[in-house]
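Take a look at the structure below.
The values are calculated or read from the model by the stated rules, or taken from the named source; none is laboratory data. Just so we're clear, the structure is a prediction, and the values are computed from it rather than from any experiment. So basically every Cβ, Gly included, is an ideal-geometry build from the backbone, and we count neighbours across all protein chains shown.
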Amino acid sequence: MGGQPLEDTYDASIDVTFELVRREVSDLGFSIKHIDSVSRIISVNTGRSMKSLAGQDLTASCFHVNGKGTTVSVSGSLAKGGNPFGGGSQLFAWGEKGTLSRKLLSHIDNYIADMTTEQRWPQPSESNKASINSDSLVSQLRELAALKDSGDLEEHEYQAAKERLLGA
């Protein structure tokens, strides 16, 4: 997986897809570190394993793609700490970040495949339509900047996500 995020696009609304991501990270036993329902970003720690002592820190972001559904982008890094020899962090990644990211995306794909069109694309209620406003884009950009500043997103991941939000 390297420094590049893994992405998949689903034939479902952004709300349905985000809820599936939230449900699936819980079902997989990941610890949710941060969740932003407005920006539709979830940051998790996968927990200790034989391949990574402190687990992986993953961030899943959902983006609406006009006419094509919703894209989920999963990026991450080795969690801080867990090096038995000191120094604070694990020295090598053994491909677990990519494996866990693919597993998450595959589970979401399986759920969506079993849904009807009405379940994947529910009609928004009048109250939901009223709650959508231009402040949403500003909050999403602020959340992306905070994730970059905290080290959860690398510069190229931040730029790609920002371009998707701005429709560039």
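Restricting to the range 121-153, and then to whatever is among the small types (Gly, Ala, Ser) and within 27 Å of Ser75 (Cβ to Cβ), can you tell me which residue is modelled with the lowest pLDDT?
Checked the range 121-153; the qualifying residue modelled with the lowest pLDDT is Ser134.
Let me confirm something: among Leu78, Leu20, which residue is buried (at least 18 other Cβ atoms within 10 Å of the Cβ), at pLDDT 90 or above and touching a helix residue (DSSP H, G or I) at 6+ places or on another chain (Cβ under 9 Å)? Sole residue among the options that is buried (at least 18 other Cβ atoms within 10 Å of the Cβ), at pLDDT 90 or above and touching a helix residue (DSSP H, G or I) at 6+ places or on another chain (Cβ under 9 Å): Leu20. Pairs linking a residue in the range 6-34 that is farther than 11 Å from Leu104 by Cβ to a residue that is among the basic types (Lys, Arg), with Cβ atoms under 7 Å and 6 or more positions apart or on different chains, are Thr9/Lys68; Asp11/Arg120; Ala12/Arg120; Ser13/Arg120; Ile14/Arg40; Val16/Arg120; Phe18/Arg40. The number of residues in the range 1-30 that are among the acidic types (Asp, Glu) and part of a helix (DSSP H, G or I) comes to 4. Does at least one position in the range 30-48 carry a residue that is at pLDDT 90 or above, farther than 22 Å from Asp149 by Cβ and not basic (Lys, Arg)? Looking through the range 30-48, at least one residue is at pLDDT 90 or above, farther than 22 Å from Asp149 by Cβ and not basic (Lys, Arg).
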